[in-house]
Amino acid sequence: MSIIKITYLAILMTTLSACFEQPRDRRVVSSTREVSNPYQNNQPTGSVALPGSSSEDEEADNKEEDSGADTEDPNIEDIIPAEIKHCNWSMDGQTGFSNSNNTHLGAHTICQSQSSPVDIYIQLKNPISDAQVCLIPTYNSGTSSIYIGEPRCLMISDNKRIYKVTLLKNRQGYSSFSVTGVMAMKDKAFFYPPPFYQHVLSPDAFLFCSQFLDQYSDDSYCQSFKSVGQYVYKQF
């Protein structure tokens, strides 16, 4: 590796660390409230509670206490928003996912809203307690995908809840691009082989490989990122 590339790697990794490591709490997506982020204040997020979800049970208990009457089971067709009825969802948290054999996130469904392309919904069979899940908006260009905005991350703790994430198209020069896919991955560090030679948080590794590919037309970092396999690419 040339001295120029080594220097660039050190500088860019430092930049990525400063941009994406320190303010991670500012790009966390909450399923129950609005949170601010560095680029757009009060980014709305939400989720869909399916029958049997922890928060759905709590809401039902509260309603029963208030009314003193039994509540009827909700109509499944009324629970799933029209904008995502075209996708497969698990009603029991165990079966019915659109992807059932992924080694990184496990069985899951990732779906793009038909009414707002920046709204992405995700459901996991196996909740993740030790890391957030990050979604990065991408645009498909030929055989490669280009990221067009920063990661949006959230904790997924309930397999009977469909989580909504509103993505940001805020990469300079790419804001006019359409969201045609997402890179989804745990916000965890893994060891990436040469030319990385180090542990890197997966979202940062993907952003770095994309930046390096743009600057030098060198896909070696992207090949390293792909070889570890700690990600899910969903093209819509």
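The values are calculated or read from the model by the stated rules, or taken from the named source; none is laboratory data. Please read these numbers as outputs of a predicted model, since none were measured by experiment. Counting neighbours? That spans all protein chains shown, and the Cβs are built from the backbone with ideal geometry, glycine included.
Figures for the structure shown
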| quantity | calculated |
| --- | --- |
| Candidate set from segment 208-232 (those that are touching a strand residue (DSSP E or B) at 6+ places or on another chain (Cβ under 7 Å) and at pLDDT 95 or above); member that is surrounded by the most Cβ atoms within 10 Å (Cβ to Cβ) | Phe225 |
| Flag if Gln198 is surrounded by fewer than 20 Cβ atoms within 10 Å (Cβ to Cβ), out of contact with any helix residue (DSSP H, G or I) (no Cβ under 6 Å at 6 or more places or on another chain) and over 17 Å from Glu150 (Cβ atoms) | yes |
| Unmet criterion (only one of (1) more than 19 Å from Gln114 (Cα to Cα); (2) assigned to a loop (DSSP other than H, G, I, E, B); (3) touching a residue at least 60 places away in the same chain (Cβ under 8 Å)) for Ala184 | (2) |
| Long-range neighbours under 6 Å by Cβ, at least six apart or interchain, first residue of a type in the set (Val, Ile, Thr) within segment 197-214, second modelled with pLDDT of 95 or more and crowded, with 24+ Cβ neighbours inside 10 Å | none |
| Filter pass, Glu65 being surrounded by fewer than 19 Cβ atoms within 10 Å (Cβ to Cβ), at pLDDT below 95 and in a helix (DSSP H, G or I) | yes |
| Qualifying residues in segment 74-101 (those that are outside any loop (DSSP other than H, G, I, E, B) and either in contact with an Asp or Glu (Cβ under 9 Å, 6 or more places away or on another chain) or surrounded by 12 or more Cβ atoms within 10 Å (Cβ to Cβ) (or both)) - the one modelled with the lowest pLDDT | Ile79 |
| Odd one out for Asn37 among (1) at pLDDT 60 or above; (2) out of contact with any Pro (no Cβ under 8 Å at 6 or more places or on another chain); (3) closer than 25 Å to Val232 by Cα | (1) |
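Listed here are the residues, each with its yes/no results for (1) modelled with pLDDT of 95 or more; (2) surrounded by fewer than 16 Cβ atoms within 10 Å (Cβ to Cβ); (3) among the aromatic types (Phe, Trp, Tyr).
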residue: Tyr121; (1), (2), (3): yes, no, yes
residue: Cys134; (1), (2), (3): yes, no, no
residue: Ser157; (1), (2), (3): no, yes, no
residue: Tyr163; (1), (2), (3): yes, no, yes
residue: Leu167; (1), (2), (3): yes, no, no
residue: Gln172; (1), (2), (3): no, yes, no
residue: Ser175; (1), (2), (3): no, yes, no
residue: Val182; (1), (2), (3): yes, no, no
residue: Pro203; (1), (2), (3): yes, no, no
